[in-house]
Every structure is written in structure tokens, then in C-alpha cells.
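Down below is the structure, laid out as C-alpha cells.
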Amino acid sequence: MKDLLKDPTLLRTQAYINGEWVDSDSGETFPVLNPATQEVLVEVASVAGAETRRAIEAAEVAQKAWAAKSAMERSAVLKKWNDLILENVEDLAVIMTLEQGKVLAESRGEIVYAASFIEWFAEEGKRVYGDVFPLPQGTSRGIAIKQPVGVVAAVTPWNFPSAMLTRKCGPALAVGCAMVAKPAHETPLSMLALAELADRAGLPAGLLSIVPGAHAAPIGDELCSNPIVRKFTFTGSTRIGKYLAAKCTETMKRTSMELGGNAPVIVFDDADLDKAAAGAAASKYRNSGQTCICANRILVQEGVYDEFVEKLKGVVGTFKVGDGMDETSTHGPVITRKALEDIKSMVDDAVAHGAEVAAGGSFGEEGEQFIQPTILCNVTEDMRVFREEIFGPVAPIFKFKTEEEAIAMANDTEFGLAAYLFTKDQGRTWRVSEGIEYGMVGVNEVAISSTFIPFGGVKESGQGREGSSYGVDDYLEIKYICIGDLGAD
Ligand code: NAP
């Protein structure tokens, strides 16, 4: 793997704790696999509770000194880190494609997106303002100041191995917190490479430690129960998020949860169908369907259903599934063989209940973990593809008659992360955007994510917002100070 990198020292396979690269106490390692070929890329140190505890204790010490620095000083280090990430986009993208599977173009895009959170919050950290307000007694004044919450623990998933770290540690570090982060076991290398660049940028030891491991539970137990950790931020499945959030209540940690989705794309009969088909395809098949804001259910008004399906088939026909390292591939493999089996079982369920495979439908033919982008028609709300997050390149296309029915179908889920609608009607744009229960809505647009926006969900898709000027709030405590005895001499 090293020979594919211009700078082989970006390939780090040890844990990064208190500014040092270390093996696990037990000497245990775990393999990182290439999802395109199932080859073992490298072995990575597998830490457990004791090493995690040391990382947390180091963070406690480092955080105090970091918080005492000015926002300008913290910003300067973060900007250096941002620059180094951007200087190394190509190597970081190769590392990501090899361990995650997404095609190189998408990996490059994610690295630039990841860096943008560091750059954005390096600026935003300078604008943490407080308030002065009157009090009932005229001789006193109230002041609200904002202070860093302290030591933050982060757990991230494999589908965005770099951006899910920087969207959390960007604001945390900018406002004076320290962080201990656990990557997904499938994709530790991207996070470790970012830590190497943070080290080179001069981020003081202990402020960002990375604890990779084959076994999530002992690391998670320590992160969620150690009283030094004041905030826990998680991106991953709703099932694991609920479990970890419950653990955090024992020490009353603040939590942010970015969880699963079941995004509807609603196509009305007044929509530009070419744009709707291109948008639905971009949203559905990005990262081979493995993003939390991927279209999961495509709802199309009955009068344009057949035409829309034909247009979507046209877009899907231009895709080329293959190894992400091949620049001609447009879509890579799914993350594991188990993921492929799970996705296949949802398609089998739909077909057994009467769905028709209008495109794709081949599983494991181009290689163990490759799925042809698939379209399912004649789908109904009792099928698993309506209720569950598919997390793969399968687009079920449902039919609806009226606007009210579309809103009801969109809301008929416990999830509420992202939703999309295609319409040219301004009144409908407002009615539907306000009527659906989602944290984010794209109207005639599926590229909704950037540093500028408050990313997050409602219902069981989570709590808290990441990115934008709101993104620092989750890492700040408000302290009220009463200044009294201000009467005349
Ligand atoms: P997952 O199984 O929940 O895993 C996410 C992370 O949790 C991984 O690092 C995993 O570690 C860790 N984990 C699992 N059990 C743990 C425990 N007991 N203690 C501590 N950590 C534990 O989710 P996934 O399959 O990797 O990711 C896909 C999910 O993430 C989807 O539902 C997707 O919608 C969601 N997601 C949401 C957003 C958002 O912003 N809302 C963004 C991206 C993804 P191991 O890998 O070591 O098991």
C-alpha cells in the first residue's frame, strides 16, 4: 500500500495517544481490508479500555492549556492543519479509496470537504460571543459567557472516514475542547493520516487522540462512562447511537447524535423530470448508496411515474461499477460482504412481494462486494425497502396520487434526516417543506451538504447540528455571571 503514496509516512498503523504513535498494550492488531479485492491492506493496533483511559486523561491536561490560548492562536494551528490536508489530497484520497471503496473522485471530494470544516471553524472559533442583559434588581447586570465543554469523545462510521472526524473536531478544537476519537474498524487509516497531519501542523500533544480497535465495546464503554469526558458525539446507526446515548446518561454527558436516515425524494408531476432523475440518481447512488442522506424511497406522482422510471434508467445506464482505484469507475463496492447480503435480502423481500427489477439486480458478479445500481418498480409500503435504511445502490420507486399522500408517505418513518422534493410550484415548495418532518430539505437540489449548513436530523435520526455557525454550539457551555452592587457611590 505504501508504494501507492507519494508520502508513505501518511500511512499510520499505530494508535495516536497523547501525541505519540503507540502499539496496543496487548500487542493485538486487526486487519484493514480493501472492499474491492478483500486483500488485507495493513494491520492496525487494536486498543482497549486502558489505552482509551490514558488518552482521556491526557486530553484533560492538554485541554486546559489549549482553552487558555486565544482563539487566534488556536485558529492558526487549525489553518496550518487545513493547508496540510489540502496539500496531501491525493495521498489521503488513495488511502480512503483503498480502505473504504469509494471511487477516487469521491474520495478527493471528501478530503476537500473534510478540510473545509477545519478551515470554517478556525474562523468561527473567533466569533464565540456572549451577552449582557438586565436583571430584576437595577443594581446588578447579568452576563452570559460561552466556555468550551472540555474533553469530548467522538465515534464515527466508515462511510465518511475523514469528514465525520473533522465535522466534529473542527468546532471542538476551535473553541478550546480536546477530543478522543474512535474510527470505525473498517476505515481507521484515513483518521490516523489526518492525525499525522495535525501533529505536523503543531497541534499540541493530547488534544486529539485516535483510538482504533477491533472491539468497539471496551473503547465505547470507557468513552461513555469516564467522568472526565463531558460530551459524547456520535455518527452511526440509530441502534448503536441509542445504546451509547443511554450509557452517557450515567454521567450526564451532553450528547450529539447523527444517526440513520430514510430519505424520501418526492417527484411531483410539475417537476423538471430530467433534473429530478439526475438528482435522484446522484443522491441514491453516491458512495454506492452508503450515505445517511442518500435517497432511500423515491416517491413519484402517478401521472409521470413511467416517464420518470425511463429517465432514471437512462442515467443509471451510464454508470460503470468497478474498483474505486480505476479512474473510469463511477461506483465502487459496498463496504463488506455482509452489507451486500443485507442489501440483497431487502431486494429479495421486495421481489417476493411483487416488486419488479427495472434495472441492475446483480449482486457479487463483478466481484465479491459489487452491486449493479438497481431500480425497483411496483414497490409498496409493506416492503422492507420502504421501512428500512437500504444503505446500498437500490432505488425503490413508489407511486402517489396527491400532495397530502406524498407528505404522509414521507413522514411514515421513525427517521427524519434529509428529504428532497422536485416541483416548480412555489406554494407547494413551502407547504411540503414545512409539512415533512425532516432536519434538512432539498428543493430541486440534492447537493445539500456543505460546511455552510446546519447538518442534522429530527425524530430517531438524532439530535444536534454539525457545520455552519450553529456547529460550535454543541461544544460550548453557557455560564451566567451576575455582577452585583453596581449602585451609586
Ligand atoms: P454503526 O454500526 O453504528 O457504527 C458506527 C460507529 O460506532 C463505528 O465506529 C463502530 O465501531 C461504533 N460502535 C459500534 N458499537 C459500539 C460500541 N459498543 N461502543 C462504541 N462504539 C461502537 O454504523 P455504521 O454501519 O458504521 O455506519 C452507518 C450508519 O451511520 C448508517 O445508519 C448511517 O445512516 C449513519 N450515518 C449517519 C450520518 C449522519 O450525519 N446522520 C452520517 C454518516 C452515517 P466498529 O466499526 O469498530 O464496530
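The values are calculated or read from the model by the stated rules, or taken from the named source; none is laboratory data. The structure displayed is predicted, hence computed values, not measured ones. Counting neighbours? That spans all protein chains shown, and the Cβs are built from the backbone with ideal geometry, glycine included. Note: areas computed on protein heavy atoms with side chains; ligands, DNA, RNA excluded. Shrake-Rupley method; radii C 1.70, N 1.55, O 1.52, S 1.80 Å.
If the condition is being away from the ligand (no atom under 16 Å from the Cβ), touching a helix residue (DSSP H, G or I) at 6+ places or on another chain (Cβ under 8 Å) and open to solvent by less than 60 Å² (accessible area, probe 1.4 Å), then the stretch 135-159 contributes 148, 149, 150, 151.
Looking across the stretch 333-350, the residues that are away from the ligand (no atom under 16 Å from the Cβ) and touching a Leu at 6+ places or on another chain (Cβ under 9 Å) come down to 347, 350. Does the stretch 113-134 include one or more residues that are within 16 Å of the ligand (Cβ to nearest atom), more than 18 Å from residue 76 (Cα to Cα) and open to solvent by 10 Å² or more (accessible area, probe 1.4 Å)? Yes, the stretch 113-134 contains a residue that is within 16 Å of the ligand (Cβ to nearest atom), more than 18 Å from residue 76 (Cα to Cα) and open to solvent by 10 Å² or more (accessible area, probe 1.4 Å).
Report whether or not residue 342 is within 26 Å of residue 398 (Cβ to Cβ) and either of a type in the set (Phe, Trp, Tyr) or under 23 Å from the mean Cα position of the chain (by Cα) (or both).
Spelling it out, residue 342 is indeed within 26 Å of residue 398 (Cβ to Cβ) and either of a type in the set (Phe, Trp, Tyr) or under 23 Å from the mean Cα position of the chain (by Cα) (or both).
When the strands (runs of 3 or more DSSP E) confined to the stretch 1-69 are screened for residues that are in contact with a Leu (Cβ under 9 Å, 6 or more places away or on another chain), those reaching at least 3 such residues are found at 29-33, 40-45. Residue 459 satisfies every condition listed in (1) open to solvent by 70 Å² or more (accessible area, probe 1.4 Å); (2) away from the ligand (no atom under 13 Å from the Cβ) except (2). Filtered by the rule that a residue be open to solvent by 10 Å² or more (accessible area, probe 1.4 Å), within 16 Å of the ligand (Cβ to nearest atom) and free of Cβ contacts under 8 Å to residues at least 60 places away in the same chain, the stretch 466-485 gives a lone residue, 470. Going through the stretch 199-235 one residue at a time, which ones are touching a residue at least 12 places away in the same chain (Cβ under 8 Å), open to solvent by 20 Å² or more (accessible area, probe 1.4 Å) and within 30 Å of residue 10 (Cα to Cα)? Within the stretch 199-235, 199, 200, 202, 204, 205, 214, 215, 216, 218, 221, 222 qualify. Would it be correct to say that residue 325 is open to solvent by 40 Å² or more (accessible area, probe 1.4 Å), aliphatic (A, V, I, L, M) and in contact (Cβ under 8 Å) with a residue 12 or more places away in the chain? For residue 325, the condition - open to solvent by 40 Å² or more (accessible area, probe 1.4 Å), aliphatic (A, V, I, L, M) and in contact (Cβ under 8 Å) with a residue 12 or more places away in the chain - is met. Note on the stretch 44-66: among residues that are under 10 Å from residue 178 (Cβ atoms) and among the small types (Gly, Ala, Ser), the one that is surrounded by the fewest Cβ atoms within 10 Å (Cβ to Cβ) is 65.
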